[in-house]
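Comments concern the structure below.
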Amino acid sequence: MSDPRTRPIPVPGPVDVPSPVDRAGDVDTAAPGTDGEVLSASTDNSTYLRFRSDPLGGTSQAEVYAARVPAAVSVNGTALPSRNWSYNSPEHVITLKGLPAGTVLVQFRRT
C-alpha cells in the first residue's frame with residue numbers, strides 16, 4: 001500500500017503536495033523539491049492552491065506542478081516577492097523560495 005502522505009493533491013492547472021487526495025484537475029501539489037513539510041493543502045482545481053508550509057529551517061522552498069502561470073503568490077496574506085517565485089513554462093513548474101512557516105496561496109486567473 002502506498003504512503004498517503006506522498007500522493008498528489010488536486011489544484012488549478014497541474015500542481016504537486018503530499019495529501020491523502022488523488023490527483024485531479026489541472027493542478028497538483030506534491031513536494032518534490034521541498035525542504036520542509038506541507039501540513040495541509042486545498043484547491044478548487046481552477047483558481048487557487050492553498051497549502052500550509054512548515055520549513056525544516058528558517059525558510060523553505062517548494063516546486064509545484066501547474067498547467068499555467070500563477071497570477072499571484074502570497075504567504076500569510078503578504079505578496080511573495082517576484083524574486084522568490086518563478087514559473088517554468090516548458091516544465092509547468094512553479095518554484096517558490098524563501099517560504100516562512102504559514103499559509104501559501106497561489107492564485108490563477110479564470111480560464
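The values are calculated or read from the model by the stated rules, or taken from the named source; none is laboratory data. Being a predicted model, the structure only gives us computed values, none of them experimental. Note that each Cβ is placed from the backbone with ideal geometry, even for glycine, and that neighbours are counted across all protein chains shown.
Key figures for this structure:
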quantity: Per-region count, the range 48-68, residues touching a residue at least 24 places away in the same chain (Cβ under 8 Å), part of a loop (DSSP other than H, G, I, E, B) and not charged (D, E, K, R); calculated: 3
quantity: Residue count, the range 75-111 (criterion: more than 17 Å from residue 61 (Cβ to Cβ) and among the charged types (D, E, K, R)); calculated: 2
quantity: One residue from 60, 53, 74, 46 being small (Gly, Ala, Ser), at negative phi and modelled with pLDDT of 90 or more; calculated: 74
quantity: Single unsatisfied condition, residue 86 versus (1) under 19 Å from residue 41 (Cβ atoms); (2) in a strand (DSSP E or B); (3) out of contact with any helix residue (DSSP H, G or I) (no Cβ under 9 Å at 6 or more places or on another chain); calculated: (1)
quantity: Residues located in the range 49-69, provided they are surrounded by fewer than 17 Cβ atoms within 10 Å (Cβ to Cβ), over 10 Å from residue 94 (Cα atoms) and of a type in the set (A, V, I, L, M, F, W, C); calculated: 56
